[in-house]
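Colleague: Following this message is one structure expressed as structure tokens.
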Amino acid sequence: MLRLAPWLSIAALAIAWEVFARSGAVTPFMLPKLSTVLARIGAEAASGELWQNLAWTLYRSLTGFAIATVLGLGLGFAVAHNRVVRWLLDPLISVGFPMPKIAFLPIITLWLGFHDLSKISMVVFDAVFPVITATIAATLGVERHLLWSARNLGATERELLHEVVFPAALPQIMTGLQVSLPIALIVCIVAEMKMGGVGLGGAMITASRFADSPGVFAGIVEIAVAGYVLVKVMAAVRRRLLAWHPEATAPSTV
Amino acid sequence: MISVENVSHTYRPARGRDVLALDDISLEIAPREFVALLGPSGCGKSTLLYLIGGFLPVEKGAIRVEGAAVRAPGPDRGIVFQHFALFPWKTVKDNVRYGLQKQRLPREEQEKRAQQFIDMVGLKGFEESYPSHLSGGMKQRAALARTLAVEPKMLLMDEPFGALDAQTRSLMQAELLAIWHRTQKTVIFVTHDVHEAVLLAQRVVVMSARPGRVKALVDVKLDKTDPHLVRSPMFGEKVDEIWNLVRDEAIKAQ
Amino acid sequence: MKYLPLLLLALIWEAIVQLGLISRDLLPSLSDVASAGWKLAKDGDFWTNGAASLWRGSAGLALAIVIGAVLGILMAWWRGVEAFMGPLVEALYPMPKSALIPVTVLWLGFGDGSKILLIFLGCMLPVTLAAYNGARSCEQHLVWSARSLGASRLRVLIDVVVPSALPELLNGIRSALALSFVLLVSSELIVARKGLGYLIGFLGEGGLYDAMFAVVLVVAFLGFFADRLYQYVADRMLAWRD
């Protein structure tokens with residue numbers, strides 16, 4: 001009974017959708033039948049349109065995410081280890097974190113144009129913050145006795161950094177990355193919606209301009225699946241990298 | 001072998017007032033001696049251990065090991081912490097090998113020596129386990145093996161059995177004595193448990209409540225190899241004698 | 001002072017533009033932005049747009065908080081609900097909430113309604129999840145103590161479970177607050193005829209870059225101050241904690 005349950009609720013939702021759409025309580029425009037939406041997705045897949053849009057969105061969001069990861073790790077370590085860097089960047093980080101950075105999109109397009117560079121830059125700008133804060137917290141939070149034990153056994157300062165600090169900080173850093181990836185996707189889609197063109201976001205906004213209701217719903221399902229898969233992949237990566245960790249299960253997708 | 005000369009130590013937290021933890025401590029410890037540092041919470045016994053270990057800087061006074069001043073942590077003064085401080089991302093074998101790796105021994109030699117010490121502490125069969133899969137007692141054995149593997153001149157033990165349940169603690173105490181008899185190392189053992197101090201040590205340094213001073217030095221001339229030691233009247237008398245010295249300090253520390 | 005680097009940044013900004021290192025077309029000087037901002041503040045338009053944004057954001061967020069919190073706590077209280085909702089939540093959580101922008105427009109057009117609905121739908125999930133986790137983590141022993149002291153099941157819910165859930169719930173609301181800003185600004189940038197996000201786009205298209213920069217900064221700092229204010233209030237509410 002318990003094993004059936006996950007699929008049960010999603011299946012129930014799907015059935016409810018279809019039934020409700022067919023009932024006539026709402027117009028097909030407001031809520032197209034699930035079967036219509038799925039058919040549309042199938043058509044987009046067959047024509048290649050789906051794959052093209054997906055590829056562009058993934059390219060932009062994942063590139064931005066990768067850059068944000070490297071940048072965030074680097075800056076995070078620097079802040080944790082260097083007083084001057086910490087003094088300089090701390091206020092920028094704490095002020096920048098809660099800001100709706102998407103508001104800067106028009107400035108970024110002013111500077112960098114309307115192509116992939118600006119979309120990727122916007123993603124980096126948003127996605128880097130959770131990585132930096134997680135890296136700082138993780139690095140500073142490494143248990144002092146672990147560091148002392150390593151020094152006691154003969155480790156040099158440099159060895160400490162990559163043999164002890166990095167693995168000890170990894171769980172929390174991974175959590176930061178797991179927070180950052182969905183942000184990368186959200187921001188990428190917003191940027192695509194604003195600028196139009198190819199990509200899942202662009203396709204959806206075009207559909208809405210043409211009042212193409214099945215197209216809009218198809219987009220929602222496609223993006224939802226893409227997001228879901230990415231989160232699952234990250235969770236699997238976490239499990240492999242952190243097989244030694246006491247909480248050897250992935251954290252809930254909170 | 002170890003001489004502590006007029007050492008004082010003050011903690012200067014970022015927020016709050018300075019705390020004088022140790023006040024003009026002087027102590028001499030002979031080679032192969034098993035010494036217990038005993039006192040109530042906050043008396044600075046761990047602080048003294050960390051100073052000898054080189055984890056905290058000696059600001060006032062001097063600490064010398066075989067004539068040379070202590071400047072930094074090193075494998076000559078092996079440390080064992082209460083919460084084990086095992087590297088959670090390494091297996092038991094890799095943990096124990098760590099210090100040997102730092103000594104740049106050939107891989108084969110590392111493996112051989114590591115196995116030797118893993119066997120000595122009774123963890124044979126658990127070489128490939130991760131710390132998160134081990135019980136408290138097993139973790140402490142692993143930590144002990146890791147420290148012993150680098151063949152330190154002395155063992156600095158910071159309430160190593162404090163996190164274990166009473167039965168495991170009892171077993172570990174017996175094992176530690178056996179290992180001490182076999183390896184003939186100098187041991188400095190921090191504890192707040194009078195019973196444990198009398199059981200293990202040849203000499204007990206009773207410390208006062210904060211700021212820590214040496215209140216008394218008590219010789220414990222009992223036969224440690226006697227399996228019925230704890231039930232002998234001499235043991236009971238010694239415990240009483242020391243407890244009387246500690247009681248006032250313990251009350252002050254409340 | 002802790003925020004001194006920001007001041008330095010502002011000075012560097014002004015300097016590099018005044019020294020001609022960057023073209024004024026790309027980066028208006030800080031002083032230009034400030035004076036454009038001042039002019040805007042005197043202009044009624046800024047305030048009407050601001051009011052529209054404020055209304056949309058608050059309404060959507062308030063709905064998300066109230067309904068989300070109640071839903072989350074109920075989910076924790078009735079285990080059957082959890083078994084059913086769990087996989088749904090897990091499936092819906094990773095969906096980028098911004099994907100809902102086109103559909104809310106489809107349903108409710110370009111006005112306030114679509115924004116409020118968007119923020120409500122998008123922000124409800126973090127609040128629900130936080131309320132749920134918070135209520136779940138309520139120690140069994142607290143509940144038992146209350147029952148043995150004579151509390152009914154409903155009173156236990158109100159007197160024990162809700163306060164226990166509060167720290168986590170407040171944390172979830174903080175995330176929802178940040179998300180509401182993002183969704184509000186995003187939707188106003190793309191599909192609106194009013195609001196601060198719309199104003200940014202409007203000024204940009206009109207080439208009034210110094211005013212555009214001013215509004216961008218206002219919006220960004222509004223997000224920052226909202227978070228700080230929220231933290232202050234939340235900390236007071238949790239004063240019993242430490």
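Each value in this text was obtained by applying a stated rule to the coordinates, not by laboratory testing. Note that the structure is predicted; figures quoted are calculated from it, not measured. Methodologically, a virtual Cβ is constructed for each residue, glycine included, from the backbone with ideal geometry; neighbour enumeration extends over all protein chains shown.
Colleague: Please give the charge dipole size of the stretch A:45-241, origin at the Cα centre, charges +1 on K and R Cβ atoms and -1 on D and E Cβ atoms. Round to the nearest 20 debye. Intermediate values should be presented prior to the final figure.
Modeller: On the way: 14 positive and 11 negative charges, 64 e Å.
Taking the Cα centre of the stretch A:45-241 as origin, the dipole is about 300 debye.
Colleague: Could you calculate the FRET efficiency of residue C:230 with residue B:153 from 1/(1 + (r/R0)^6), where r is the beta carbon distance between them and R0 is 45 Å, rounded to 0.05? If you can, show how the numbers build up before the last one.
Modeller: Numbers: r = 57 Å, r/R0 = 1.26.
Efficiency at R0 = 45 Å is approximately 0.20.
Colleague: Using a Förster distance of 35 Å, how high is the FRET efficiency between residue C:238 and residue C:54, based on the Cβ-Cβ distance and rounded to 0.05?
Modeller: Values: r = 26 Å, r/R0 = 0.76.
The value I calculate is 0.85.
Colleague: On to the next question. Roughly how many whole Å is it from the C-alpha centroid of the stretch A:24-79 to that of the stretch A:163-210?
Modeller: If we compute the Cα centre of each part, the gap is 9 Å.
Colleague: Tell me, what ³J(HN,Hα) does each residue in the stretch C:182-196 have, in order and in whole Hz, if you take phi through Karplus 6.51 cos²θ - 1.76 cosθ + 1.60 with θ = phi - 60° and put x for Gly and Pro?
Modeller: Karplus-based 3J(HN,Hα) across the stretch C:182-196 equals 4, 5, 4, 4, 4, 5, 6, 5, 9, 9, 8, 10, 7, x, 5 Hz.
Colleague: Where does chain C land on the Kirkwood hydrodynamic radius, alpha-carbon pairs, in angstrom? Don't skip to the answer; put the middle values down first.
Modeller: Numbers: mean 1/r = 0.0488 Å⁻¹.
With all distinct Cα pairs of chain C included, I get 20.5 Å.
Colleague: Can you tell me the alpha carbon radius of gyration of the stretch B:1-125 divided by the globular rule-of-thumb value 2.2 N^0.38 Å? Numbers along the way, then the final one.
Modeller: Working: Rg = 17.6 Å, N = 125, 2.2 N^0.38 = 13.8 Å.
Cα Rg divided by the expected 2.2 N^0.38 Å: 1.28.
Colleague: What number, rounded to the nearest 500 deg cm²/dmol, is the helix-based mean residue ellipticity at 222 nm of chain A, given -39500 (n - 2.57) per DSSP H run of at least four residues and division by all its residues? All intermediate terms of the calculation are to be shown ahead of the outcome.
Modeller: Details: 11 runs with 194 residues, N = 254.
Counting only the DSSP helices, I get -26000 deg cm²/dmol.
Colleague: Starting from the amide H of residue B:203, placed 1.01 Å from N in the peptide plane, find each other amide H under 5 Å away whose residue is 5 or more places distant or on another chain.
Modeller: Residues meeting the amide H criterion: B:34, B:36, B:220.
Colleague: Tabulate in residue order the Karplus-calculated ³J(HN,Hα) for the stretch B:129-142, using 6.51 cos²θ - 1.76 cosθ + 1.60 with θ = phi - 60°, rounded to whole Hz; enter x for Gly and Pro.
Modeller: Running phi through 6.51 cos²θ - 1.76 cosθ + 1.60 with θ = phi - 60° gives 7, 8, x, 5, 9, 9, 6, x, x, 5, 4, 5, 4, 4 Hz.
Colleague: Would you work out which of C:222, A:11, B:96 lies farthest towards the positive end of the dipole of the protein assembly as shown? Charges go on Cβ: Lys and Arg +1, Asp and Glu -1.
Modeller: Value computed over the given set: A:11.
Colleague: If you don't mind, there's one more thing I want to ask. Per DSSP helix of 4 or more residues, -39500 (n - 2.57); summed, then divided by the residues of chain C. What does that give at 222 nm, rounded to the nearest 500? Can you show the working numbers first?
Modeller: Working: 11 runs with 190 residues, N = 242.
Helix contribution divided over all residues of chain C: -26500 deg cm²/dmol.
Colleague: In Å³ and rounded to a whole number, note down the convex hull volume per residue for the Cα atoms of the stretch B:86-151.
Modeller: On the way: hull volume 4.6 nm³, N = 66.
Each residue corresponds to 70 Å³ of Cα convex hull volume.
Colleague: Quick one: which of C:2/C:39; A:101/A:232; A:119/A:232; B:112/B:185; B:45/B:221; B:102/B:224 span more than 28 angstrom between C-alpha atoms?
Modeller: Among C:2/C:39; A:101/A:232; A:119/A:232; B:112/B:185; B:45/B:221; B:102/B:224, the Cα-Cα distance tops 28 Å for C:2/C:39; B:102/B:224.
Colleague: Which of the peptides A:17-28, B:223-234, A:128-139, C:56-67 is most tightly packed, and how do the rest follow, judged by the mean count of other Cβ atoms within 10 Å per residue? Spell out each step's value before the answer.
Modeller: Numbers: A:17-28: 12.9, B:223-234: 10.9, A:128-139: 23.3, C:56-67: 20.2.
The packing order, highest mean first, is A:128-139, C:56-67, A:17-28, B:223-234.
Colleague: Based on Cβ point charges of +1 for Lys and Arg and -1 for Asp and Glu, what charge dipole magnitude is obtained for the stretch B:130-182 about its Cα centre, in debye rounded to the nearest 20?
Modeller: On the way: 6 positive and 5 negative charges, 30 e Å.
That gives a dipole near 140 debye.
Colleague: With charges set only on the Cβ (+1 for Lys and Arg, -1 for Asp and Glu), what does the dipole of the stretch A:1-149 come to about its Cα centre, in debye to the nearest 20? Walk me through the numbers on the way to the answer.
Modeller: Numbers: 10 positive and 7 negative charges, 35 e Å.
Magnitude of the dipole: close to 160 debye.
Colleague: Looking only at other chains, what is the average number of their beta-carbon atoms within 10 angstrom of each beta-carbon in B:125-132?
Modeller: On the way: counts 0, 0, 0, 0, 1, 5, 2, 6.
Mean inter-chain Cβ contacts per residue within 10 Å come to 2.
Colleague: Quick one: which residues, 5+ away or cross-chain, put their amide H under 5 Å from the amide H of residue B:10? H built at 1.01 Å from N.
Modeller: Residues meeting the criterion, in which the H sits 1.01 Å from N, are B:21.
Colleague: On to the next question. Check residue B:212: other-chain or 5+ apart residues with amide H under 5 Å from its amide H, H built from backbone geometry?
Modeller: B:22, B:23
Colleague: Give the order of A:36, C:104 when sorted by the count of other beta carbons within 10 angstrom, beginning with the fewest.
Modeller: Values: A:36 17, C:104 24.
Going from least to most buried by this count: A:36, C:104.
Colleague: Please report, ordered by residue number, every helix of chain A (full DSSP H runs) that is 24 Å or longer along its axis going by C-alpha atoms and whose mean Kyte-Doolittle hydropathy reaches 1.0.
Modeller: Membrane-span-like by this criterion, though nothing is claimed about a membrane: A:5-22, A:116-140, A:166-195, A:213-241.
Colleague: Among B:52, B:188, B:25, determine the one that fluctuates most according to a GNM of chain B built with springs between C-alpha atoms less than 10 Å apart.
Modeller: B:25
Colleague: A follow-up question, please. What's the exposure ranking of B:65, A:233, going from fewest to most Cβ atoms within 10 Å?
Modeller: Working: B:65 19, A:233 11.
By the 10 Å Cβ count, ascending, the order reads A:233, B:65.
Colleague: Could you work out the mean count of beta carbons from other protein chains within 10 Å of each residue's beta carbon in B:87-94? Kindly include the intermediate steps, with their values, before the conclusion.
Modeller: Working: counts 8, 9, 12, 3, 1, 0, 0, 0.
Average neighbour count from other chains, rounded to a whole number: 4.
Colleague: Given a 10 angstrom Cα cut-off, can you work out which residue in B:108, B:151, B:196 is the most mobile in a GNM of chain B?
Modeller: Highest fluctuation among the options: B:108.
Colleague: Cut-off 10 angstrom, C-alpha nodes, Gaussian network model of chain C. Which of C:129, C:189, C:108 fluctuates the most?
Modeller: C:108
Colleague: How crowded by other chains is A:186-193, given as the mean number of beta carbons from other chains within 10 Å of each beta carbon?
Modeller: 6
Colleague: Starting at the first residue of the stretch A:153-161, write each ³J(HN,Hα) from the Karplus equation 6.51 cos²θ - 1.76 cosθ + 1.60 with θ = phi - 60°, in whole Hz, x for Gly and Pro.
Modeller: 8, x, 6, 7, 4, 5, 5, 3, 4
Colleague: Rounded to two decimals, what ratio of Rg to Rh does the protein assembly as shown give with C-alpha atoms and a Kirkwood Rh?
Modeller: Working: Rg = 32.0 Å, Rh = 30.3 Å.
In the protein assembly as shown, Rg relative to Rh is 1.06.
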